[in-house]
There are 2 protein chains.
Amino acid sequence: MLGIGSTLIIRFMGIRIEDVAQATHVSTATVSRALRNLPGVGPTTKKRILETAEALGYIPSPTAASLASGHTHSIGLVQPDMSRWFFGKILESAENTFRKAGYDALVYSLPDYLGPVRQRFNANVLRGKIDALVVLSLFFDPSEEEQLRSLKVPVVFVSVEQPGFNYVGINDEETAARACRHLITLGHKHIGHLSGQTNDKCPVAPTQRRRNGWHNTMQRFHLDSSDDLVEAVTIMTASNGYIATQRLLDRRPDITAILASSDEMAMGAIQAIKERGLRVGHDISVMGIDGHDLSPSFGLATMAQPVSQEGTKAAQLALASITNQTEPKTIVLPTTLVEGPSIGPAPTS
Amino acid sequence: MLGIGSTLIIRFMGIRIEDVAQATHVSTATVSRALRNLPGVGPTTKKRILETAEALGYIPSPTAASLASGHTHSIGLVQPDMSRWFFGKILESAENTFRKAGYDALVYSLPDYLGPVRQRFNANVLRGKIDALVVLSLFFDPSEEEQLRSLKVPVVFVSVEQPGFNYVGINDEETAARACRHLITLGHKHIGHLSGQTNDKCPVAPTQRRRNGWHNTMQRFHLDSSDDLVEAVTIMTASNGYIATQRLLDRRPDITAILASSDEMAMGAIQAIKERGLRVGHDISVMGIDGHDLSPSFGLATMAQPVSQEGTKAAQLALASITNQTEPKTIVLPTTLVEGPSIGPAPTS
DNA sequence: CTGAAAGCGCTTACAG
DNA sequence: CTGAAAGCGCTTACAG
């Protein structure tokens, strides 16, 4: 028995389509069609092939299939930093959607800032590896956009709108405006704003739009909207929000409310306010934007965006674009005001 | 001019190694060697090839290279949920390390719990796609372990130790013990413990080891370590910590300190304590484990683990194992006690 | 130091 | 409904 076995050529790499074909007495072409549910295979033949493949434990080589078909069955996800809540959340829901559809998630980190400028996007790292691409919170300049197009795969932008491409996000300006109106309704007149980096090169950045939402609302209500009510940071982390709040309160001790461009900044603001011996929600109200999972624990009021849904929608859009190349779509999802003890009526000084 | 151009056969897929070979008047074998810095190519020839490849903008087809060589140059990362801080943090540092080494990161989410049991690991999704695998915070049963080994690639486990495999993590029991001793030093005698899921099937789970650390320390100091001082949850989120703390304080109002098995649970505990009108750090002290980025904003004292370093080490170990198959290694990294206003001396009742 | 050729394991017109 | 064969674009013994 062993003698017979040992005379067989045992292939290290496992069962190939050829082995299934021989065992079923059909051609590899027919096996290939049967396994992929393509038309043109007799029901009896198909059943036999499927059973044999199953019995042999045949798994098609993804790499060979890719080379032959030109499709990789994986989707690229480019984003600044997986360890940040927003990106992790989007990635998770997108990955789940891709997985269900039989696609792999290839994640690339492209840090926002290394020193003064962002690292540039190089499409060659992705070339030939993906069927579609999702880009999170990154704005591409013309040369990067050209790189992107040279990949010849559909692209979906999330959070930052890139003209001419698919987009999934929220109405950032209106969201910030609504938060601002809410604070005004509570009687606040001196409302500071913690912003992310804004610059002329990216007027579509969410951080710029949120700042506009604050600014335009303050103006409409004839309230102070001068620049010294704004403190901007490069990356919207809690620790940066903490530092920015200290500067803001040093400069403008008359502030009774702060609208932060992100929940994480708002958390840092809460910390800074407490350390000054002021009461959050009484002396100074704090409102965030995002709907961070930890906001309830912070007692933070916020404008929540449907983050998971954004990831899912982006993934669905990417998948749909693989099969039917259509016009770029824009999907804008609604945000929700979430109350919390971090905000209260303006103190009657 | 256009006439000449249009008579050329324009290949949609781009420049192939064949094109570079023809332009350089050498064989594709030589081009292949030159481009990969293999020995046996004359310096002049090599220079010419490199320049021509550069000029033509040649990018080797990763899929063809994989099929021919048997190496994919990508690494799988299996973990429960990218949107959770710990996993995002590890993924980010691991991805950065892989990228620098020229490897892609293929991320798979395998949810811990869907209903009562975890979804099972199926190696076939990964078969033929990766050169190595990193598994985060997942414990594999014998059948899953067999699946894993059938992939024939090196595997590194992070956070949960899997006997017989590479491992990167911390000393969970000692870390919890140290936190516990610190609280005891502050005069606390009734110390509750917020735990993750523990069960007999996984005695090596960090959550079990942390619980042991608490338990053994309480015993050594002849303090109450009974089960009703422990509240366990399935997933260690802030909201689960919030609920668990309510139950814990209802049952044991004599508690003056809580050791949470994760910072996120500790954050939920802080929220629950505040809502009862008790003062965190005065009436009840709270200590976490992990070193979450948002802990400082919470004023949370914690045992910090070097999370990014764990990801980097795991990635390095995975990369090293690809080239030299060695004995499974175990890397244990140190944790650090971080003070914060969430802990204080036991109240003198 | 270099090349001709087989081979990696699939898919896809094309022909029947 | 099915098959023979070319082709995807590389790498790798093997031979010189």
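The values are calculated or read from the model by the stated rules, or taken from the named source; none is laboratory data. Values in this document were obtained by computation on a predicted structure and should not be read as measured data. As a convention, Cβ positions derive from the backbone with ideal geometry for all residues, glycine included, and neighbour counts pool all protein chains shown. When the accessible area is computed, the model is the full protein with side chains, heavy atoms only, and any ligands, DNA or RNA have been set aside. Shrake-Rupley method; radii C 1.70, N 1.55, O 1.52, S 1.80 Å.
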- Message: Just to confirm a number: summing +1 for Lys and Arg and -1 for Asp and Glu over residues other than residue B:20 whose beta-carbon lies under 11 angstrom from that of residue B:20, what do you get?
- Response: -2
- Item | Convex hull volume per residue in cubic angstrom - Cα atoms of chain B | 185 Å³
- Query: Label-to-label distances across copies for residue A:185, with labels 7 Å out along Cα→Cβ, in nm, shortest first?
  - Reply: 5.1
- Message: List the pairs from A:313/B:313; A:47/A:329; A:152/A:313; A:100/B:152; B:47/B:89; A:46/B:129 whose alpha-carbon separation is above 32 Å, in the order I gave them.
- Response: A:313/B:313; A:47/A:329; B:47/B:89
- Message: What is the distance in Å between the Cα centroid of the range B:192-253 and that of the range B:311-349?
- Response: 21 Å
- Query: How far is residue A:120 from the same spot in each other copy, in nm, shortest first, if each label point sits 7 Å from Cα toward Cβ?
  - Reply: 5.1
- Query: Cα to Cα, under 27 Å, and not fewer than 8 places away if on the same chain: which lysines meet these conditions relative to residue A:274?
  - Reply: A:189, B:274
- residue A:85 - accessible surface, heavy atoms, 1.4 Å probe, Å² rounded to 10: 20 Å²
- Query: Once you charge only the Cβ atoms, +1 for Lys and Arg and -1 for Asp and Glu, what is the size of the charge dipole of chain A about its Cα centre, to the nearest 20 debye?
  - Reply: 840 debye
- Task: Only bridges with both residues in chain B count here: give the DSSP antiparallel percent, nearest 5.
- Result: 10 percent
- Task: Any chance you could look up the accessible area of residue B:33 with a 1.4 Å probe, heavy atoms only, rounded to 10 Å²?
- Result: 100 Å²
- Message: Give me the inter-chain shielding for A:128-141: mean count of other chain Cβ atoms within 10 Å, whole number please.
- Response: 1
- Task: For residue B:18, tell me the accessible area in Å² from a 1.4 Å probe, rounded to the nearest 10.
- Result: 70 Å²
- Task: Sort shortest first the distances from residue B:212 to its counterpart in every other copy, using label points 7 Å along the Cα-to-beta-carbon line, and give them in nm.
- Result: 5.8
- Message: For the range B:190-240, what does the accessible surface come to per residue with a 1.4 Å probe? Please give it in Å².
- Response: 46 Å²
- Task: Would you mind counting up the charge near residue B:317? Only other residues with Cβ under 14 Å from its Cβ, with Lys and Arg at +1 and Asp and Glu at -1.
- Result: -2
- Heavy-atom accessible area with a 1.4 angstrom probe orders A:93, A:69, most exposed first, as A:69, A:93
- Return the carbon/sulfur percentage of the accessible area of the range A:172-305, one whole number, probe 1.4 Å, all protein chains in place. 50 percent
- Message: Can you show me the helix-derived [θ] at 222 nm for chain A, built from DSSP H runs with n ≥ 4 at -39,500 (n - 2.57) apiece and divided by the number of residues, rounded to the nearest 500.
- Response: -12500 deg cm²/dmol
- Taking the axis of the rotation relating chain A to chain B, the A residue whose Cβ comes closest, together with that distance in whole Å, is A:88, 2
- Message: What number do you get for the range A:260-349 when its Cα radius of gyration is normalised by 2.2 N^0.38 Å, N = residues?
- Response: 1.48
- Task: Determine the distance separating the Cα centre of the range B:148-171 from the Cα centre of the range A:74-152; give it in Å without decimals.
- Result: 28 Å
- Item | Share, in percent, of DSSP beta bridges within the protein assembly as shown that are antiparallel, nearest 5 | 15 percent
- Quick one: divide the alpha-carbon radius of gyration of the protein assembly as shown by 2.2 N^0.38 Å and tell me what you get. 1.08
